[in-house]
Amino acid sequence: MAVLNVATDGVSGLPYHRRQYLLATDGRSLDKTSAIDELRAFLERHPRLFVLTGAGVSTGSGIPEYRDERGEWKRPAPVQYQDFVKREHTRQRYWARSLVGWRWFTRAEPNSCHYTLADWEHSGRIEQLVTQNVDRLHQRAGSQAAIDLHGRLDRITCLDCGTRIERDGFQQQLIDDNPEFAERTADIAPDGDAYLENVDFSRFRVPPCPACGGMLKPDVVFFGETIPKARVDAAVAALHRADALLVIGSSLMVYSGFRFCRIAAENDIPIAAINPGRTRADDLIGVKVERRFEDALPYLQDAPTGT
Ligand SMILES: [Zn+2]
């Protein structure tokens with residue numbers, strides 16, 4: 001992390017990361033400097049990045065987002081943890097929709113966003129990649145050290161005995177136990193869900209844990225659930241080692257992502273973001289490119305690598 005002598009700019013009172021943004025123009029007036037040039041300069045100044053990605057990097061792979069460009073819900077809110085563990089009907093509905101959505105979810109392939117970040121990791125440009133996505137597309141593109149902040153949908157865990165099983169094998173179990181649901185089709189929803197409506201979910205049979213008969217849950221962090229502390233601690237430690245925070249494709253509306261911007265701001269770690277819409281951290285972000293990452297990439301390809 002850069003050693004800083006001053007926390008604020010005495011003239012403007014702006015915190016350091018904002019001041020750096022202004023200085024980055026190097027004598028040119030701000031309105032003549034495009035955000036993309038600012039971002040290129042930012043990447044040059046900060047060769048080791050903490051990168052936080054959100055749903056926006058996977059929409060190009062056909063995985064829908066929950067939120068629109070204003071950060072508002074554009075679909076019904078996802079399942080809540082308490083609902084899932086307390087109500088059998090919620091679990092029946094969840095797994096029935098998952099049975100239908102999974103086959104589409106598994107067809108998603110990594111796109112240029114994922115491949116670029118894997119390249120950045122291999123060239124030493126990334127201190128830590130952290131994703132809010134549960135689709136494992138970063139890993140499939142070749143990223144080896146990504147932290148799945150909200151878990152991964154390709155695994156299931158038993159809430160009673162901790163046994164983990166693969167989602168792929170479980171799909172066959174769901175189909176075997178519920179052949180009438182296997183025939184159904186529905187529009188794909190975020191996170192491997194599908195818009196299966198007007199269906200009697202009470203007839204859906206949810207398989208129990210094969211080891212103990214307990215309650216199975218996808219190995220993802222549901223809304224209303226806490227992220228394992230060790231996972232958060234590892235990510236925060238990496239943020240402190242990084243030169244800067246780069247947010248890609250996230251509105252940061254969920255606190256678990258916004259937290260990294262707050263910590264960065266409190267520790268004078270500069271923040272840049274590439275996101276087509278508003279983010280919850282707009283006040284903290286020094287450099288912001290309001291585009292999709294894949295649309296910004298052609299302008300960033302000749303930016304230096306961090307090796
Ligand atoms: Zn179990």
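Within segment 10-57, the residues that satisfy the criterion of being farther than 16 Å from Glu290 by Cβ, at pLDDT below 95 and of a type in the set (S, T, N, Q) are Ser12, Gln20, Thr25, Ser29.
Within segment 274-282, at least one residue is modelled with pLDDT of 95 or more and part of a strand (DSSP E or B). Does Glu166 satisfy being modelled with pLDDT of 95 or more, surrounded by fewer than 18 Cβ atoms within 10 Å (Cβ to Cβ), assigned by TED's automatic domain parsing to the domain that holds Leu99 and away from the ligand (no atom under 14 Å from the Cβ)? Here the answer is yes, as Glu166 does meet what is asked. In the set (1) outside any loop (DSSP other than H, G, I, E, B); (2) more than 19 Å from Leu153 (Cβ to Cβ), the condition left unmet by Gln173 is number (2).
Within segment 35-63, the residues that satisfy the criterion of being assigned to a loop (DSSP other than H, G, I, E, B) and under 24 Å from Ile263 (Cβ atoms) are His46, Pro47, Arg48, Gly54.
Quick check on Leu246: is it under 23 Å from Gly60 (Cα atoms) and modelled with pLDDT of 95 or more? Yes.
Among the numbered conditions (1) in contact with a helix residue (DSSP H, G or I) (Cβ under 7 Å, 6 or more places away or on another chain); (2) at negative phi, the only one that Gly192 does not meet is (2). Scanning segment 198-233 for residues that are within 30 Å of the chain's Cα centre (by Cα), among the aliphatic types (A, V, I, L, M), part of a loop (DSSP other than H, G, I, E, B) and more than 16 Å from the ligand (Cβ to nearest atom) gives Val221, Ile227. The residue pairs whose first member lies in segment 78-91 and is farther than 18 Å from Ile156 by Cα, whose second member is among the hydroxyl-bearing types (Ser, Thr, Tyr) and assigned to a helix (DSSP H, G or I), and whose beta carbons are closer than 9 Å, counting only pairs six or more residues apart or on different chains, are His89/Ser202. For segment 106-163, filtering for residues that are within 26 Å of Arg241 (Cβ to Cβ), touching a residue at least 40 places away in the same chain (Cβ under 8 Å) and either within 16 Å of the ligand (Cβ to nearest atom) or part of a helix (DSSP H, G or I) (or both) leaves 7.
The values are calculated or read from the model by the stated rules, or taken from the named source; none is laboratory data. Source: prediction; values computed, not measured. All Cβ positions, glycine included, derive from the backbone under ideal geometry; neighbour counts span all protein chains shown.
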